[in-house]
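Structure first, then comments.
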Amino acid sequence: MPDIRVGTASWTDKSLLDAKLWYPPDARTPQDRLRFYASRFRFVEVDGTYYSLEWRQQAEAWVAQTPDDFVFDVKAFRLFTGHQTPPPMLPRDIRDMLGPLPEKKRNWYLKDIPADALDELWAYLRAALQPLRDAAKLGAVIFQLPPWAMPSPATRAQLVDAADRLDGDRLAVEFRNTYWLSDRRCRATLAFLREHGLALVIVDEPQGFRSSVPAVWEVTDPALAVVRLHGRNAATWEKKGLRAASERFRYEYSPAELAELAGPIRELARDAQTTHVTFNNNYQDMAQRNAEEFQRMLAAG
């Protein structure tokens, strides 16, 4: 049987906790909530790793609080994916090593980091991942590129470097610029991912925007396929001034839409050792309810 794991992007999203709709009343602590979550799903995606490199102790706790066959996908630290990174998000010793920002800049970017400091930053990430590796609970490291990352030699080199530095781990790449998977460039993009053992993150999201990427149902790493479901709320997809990030993903998939997705996901799973399906429609408990419904749908055949 294909190994399809269904889960959500985070188990501690503020909108989910504030709604008080999904967790039972006695799940009062982060530990209680993770244990409850892991009783319902076999994997989760960790979002906080995008904002910090200092989470090894948390990873050790996650290992202790989840069943032996539970796995974590983790989002790669924002600097490594090409996003602007405020200095306070870097470890203190790295900030001391770097000194002041380049003139007229308010954030660090990957291209501004000297080689010795960059090596140390990657060492932080490898160390943070180690408890999950040791427990065989590390799923994918998700590299979610920024919308301005074009299909360029520089971006490809950045991804190859990441694959080399995390050799032995499974890396999955989510493109957020439509040009990567356009009719003209799709074949070259898939060939690049296959050559370097990188999994394509297949997305379901609103279409018609520059940041929209079509769903391309292809396996580029036979060990792992990753599907991330962002909802279909076109009204908020690129809207400015939202009160919270969760507003962008405020969308509940209907049973018909879930059934529509189940077919290609089952087909995808035939070509991959493991398939991760992540519901990222993180508004209140929409992701959790959709994920539970989708699990039942897959189990029913």
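The values are calculated or read from the model by the stated rules, or taken from the named source; none is laboratory data. Computed from a prediction, not measured in an experiment: that's the story for all the values here. Neighbour counts run over all protein chains shown; Cβ positions are idealised from the backbone, glycine included.
Tabulated results
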{"read-out": "Residue count for the stretch 29-65, restricted to those that are buried (at least 19 other Cβ atoms within 10 Å of the Cβ) and hydroxyl-bearing (Ser, Thr, Tyr)", "value": "2"}
{"read-out": "Output for the stretch 246-268, where each listed residue is surrounded by 13 or more Cβ atoms within 10 Å (Cβ to Cβ), within 14 Å of Met286 (Cβ to Cβ) and not acidic (Asp, Glu)", "value": "Ser246, Arg248, Phe249, Arg250, Tyr251, Tyr253, Leu258"}
{"read-out": "Check on Asp32, over 21 Å from the mean Cα position of the chain (by Cα) and not aromatic (Phe, Trp, Tyr)", "value": "yes"}
{"read-out": "Selection within the stretch 173-185 - of a type outside the set (Lys, Arg) and either surrounded by fewer than 17 Cβ atoms within 10 Å (Cβ to Cβ) or in contact with a strand residue (DSSP E or B) (Cβ under 6 Å, 6 or more places away or on another chain) (or both)", "value": "Val173, Glu174, Tyr179, Ser182, Asp183"}
{"read-out": "Any hit, the stretch 200-212, residues being in contact with a strand residue (DSSP E or B) (Cβ under 6 Å, 6 or more places away or on another chain), closer than 22 Å to Ala162 by Cβ and of a type outside the set (Val, Ile, Thr)", "value": "no"}
{"read-out": "Filter result for the condition that a residue is under 19 Å from Arg176 (Cβ atoms) and of a type in the set (Lys, Arg), over Arg156, Arg92", "value": "Arg156"}
{"read-out": "In the stretch 220-263, the residues that are polar (S, T, N, Q), within 21 Å of Ile4 (Cβ to Cβ) and over 19 Å from the mean Cα position of the chain (by Cα)", "value": "Ser254"}
{"read-out": "Close pairs from the stretch 185-206: first over 29 Å from Arg250 (Cα atoms), partner assigned to a strand (DSSP E or B), Cβ under 6 Å, at least 6 apart", "value": "Leu193/Leu200; Leu198/Leu171; Leu198/Val173"}
{"read-out": "Residue check, Glu205 at pLDDT 95 or above, closer than 26 Å to Pro86 by Cβ and not polar (S, T, N, Q)", "value": "no"}
{"read-out": "Neighbours by Cβ (under 9 Å, 6+ apart or cross-chain): first from the stretch 232-243, closer than 20 Å to Ala287 by Cα; second acidic (Asp, Glu) and in a loop (DSSP other than H, G, I, E, B)", "value": "Arg232/Glu205; Trp237/Glu205"}
{"read-out": "Criterion violated by Val216 - all others in (1) aliphatic (A, V, I, L, M); (2) more than 19 Å from Val160 (Cβ to Cβ); (3) in contact (Cβ under 8 Å) with a residue 60 or more places away in the chain satisfied", "value": "(3)"}
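To keep it simple, each residue is scored yes or no on (1) surrounded by 18 or more Cβ atoms within 10 Å (Cβ to Cβ); (2) modelled with pLDDT of 95 or more; (3) within 23 Å of Ala59 (Cβ to Cβ).
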site	(1), (2), (3)
Val71	yes, yes, yes
Thr81	yes, yes, yes
Thr85	yes, yes, yes
Leu90	yes, yes, yes
Ala135	yes, yes, yes
Ala149	yes, yes, no
Ser152	no, yes, no
Gln158	yes, yes, no
Leu171	yes, yes, yes
